[in-house]
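Shown next, in structure tokens, is the structure this report addresses.
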Amino acid sequence: MLWPWSSPTSLVNLQGKTVQLRLPQLSDYEQWYALRRGSRDFLRPFEPRWTEADLAQRVFVTRVKRAREEAEEGTDYSLFIFLPDGRQQTLVGGITLSNVRRRAAQFVNLGYWMGQQFAGKGLMSEAVATCLPFVFDTLALHRIHAAFLPGNQASRRVLEKNGFIEEGFAEKYLQINGRWEDHVLFGLTRERYELASFTRRVG
């Protein structure tokens, strides 16, 4: 299979009011490396453990190829978040829609990260909002799940602003920075999403 590494057209391209979400491309490497490297201490308490080796260009090439393959297969969507500025695009973070389940389940898991200098500006709330029509209308899924560390109030705000509700608590749910950590579980159903969309239209 031939991979359109240099193609400006992404398989998935979502446009919000101020942010744009698309699949990663090889040309994004320098921005990605600088943002991840510069935000390492900021991200460490919230992510699985990673090292400088994980930032190598060969690793990024594999990441780009895998993101394209998974999107084509419809199983996972690893998207970068950009702030467009004319012909330039500034990478600010990423969103992952992973483990798409069909048949009786019809759900997907949501994860995200934001570069330190762009956190707290409402960009992630907008990025998640930009993903929701893709999840419910394009992919025609029924639920979207998210989980965060109990003390992560920023993630709680992002999800609550987008209509997610708290659904439970999972003990030792994910390995974060080398330790198995408890997580708060949030979810959003199609019914709740459509009700919120209707309320905004008539409000």
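Per-structure values
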quantity	calculated
Candidates Leu110, Leu55, filtered to the one that is surrounded by 15 or more Cβ atoms within 10 Å (Cβ to Cβ), over 22 Å from Ala129 (Cα atoms) and among the aliphatic types (A, V, I, L, M)	Leu55
Region 75-102, subset in contact with a strand residue (DSSP E or B) (Cβ under 6 Å, 6 or more places away or on another chain) and part of a loop (DSSP other than H, G, I, E, B), residue nearest to Phe148 (Cα to Cα)	Asp76
Boolean, Arg192 is in a helix (DSSP H, G or I), in contact (Cβ under 8 Å) with a residue 12 or more places away in the chain and more than 17 Å from Trp113 (Cβ to Cβ)	yes
Subset tally (residues that are small (Gly, Ala, Ser) and surrounded by 15 or more Cβ atoms within 10 Å (Cβ to Cβ)) for region 11-46	2
In region 81-99, residue surrounded by the most Cβ atoms within 10 Å (Cβ to Cβ) [restricted to those that are closer than 22 Å to Glu160 by Cα and of a type outside the set (S, T, N, Q)]	Ile81
Condition check for Gln175: touching a helix residue (DSSP H, G or I) at 6+ places or on another chain (Cβ under 6 Å), in contact (Cβ under 8 Å) with a residue 24 or more places away in the chain, closer than 25 Å to Tyr33 by Cβ and surrounded by fewer than 19 Cβ atoms within 10 Å (Cβ to Cβ)	no
Among (1) in a strand (DSSP E or B); (2) in contact with a helix residue (DSSP H, G or I) (Cβ under 6 Å, 6 or more places away or on another chain); (3) among the β-branched types (Val, Ile, Thr) - the single one Val184 does not satisfy	(2)
Region 178-193 - residue that is acidic (Asp, Glu) and surrounded by 12 or more Cβ atoms within 10 Å (Cβ to Cβ) and, of those, nearest to Arg143 (Cα to Cα)	Asp182
Qualifying residue in region 115-122 (condition: of a type in the set (S, T, N, Q), at pLDDT 95 or above and open to solvent by less than 60 Å² (accessible area, probe 1.4 Å))	no
Residue list for region 64-74, restricted to those being assigned to a helix (DSSP H, G or I) and surrounded by fewer than 17 Cβ atoms within 10 Å (Cβ to Cβ)	Lys65, Arg66, Glu69, Glu72, Glu73
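Residues are listed down the side, and each one gets a yes or a no for (1) among the polar types (S, T, N, Q); (2) touching a Lys or Arg at 6+ places or on another chain (Cβ under 8 Å):
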{"site": "Phe136", "(1), (2)": "no, yes"}
{"site": "Ile144", "(1), (2)": "no, no"}
{"site": "Pro150", "(1), (2)": "no, no"}
{"site": "Gln153", "(1), (2)": "yes, no"}
{"site": "Leu159", "(1), (2)": "no, no"}
{"site": "Phe164", "(1), (2)": "no, no"}
{"site": "Gly168", "(1), (2)": "no, no"}
{"site": "Leu174", "(1), (2)": "no, no"}
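The values are calculated or read from the model by the stated rules, or taken from the named source; none is laboratory data. Model, not experiment: these values are computed from the prediction. Cβ atoms come from the backbone with ideal geometry, glycine included; neighbour counts cover every protein chain shown. For the accessible areas, the whole protein counts, side chains as well, though only heavy atoms, and no ligand, DNA or RNA atoms are used. Shrake-Rupley method; radii C 1.70, N 1.55, O 1.52, S 1.80 Å.
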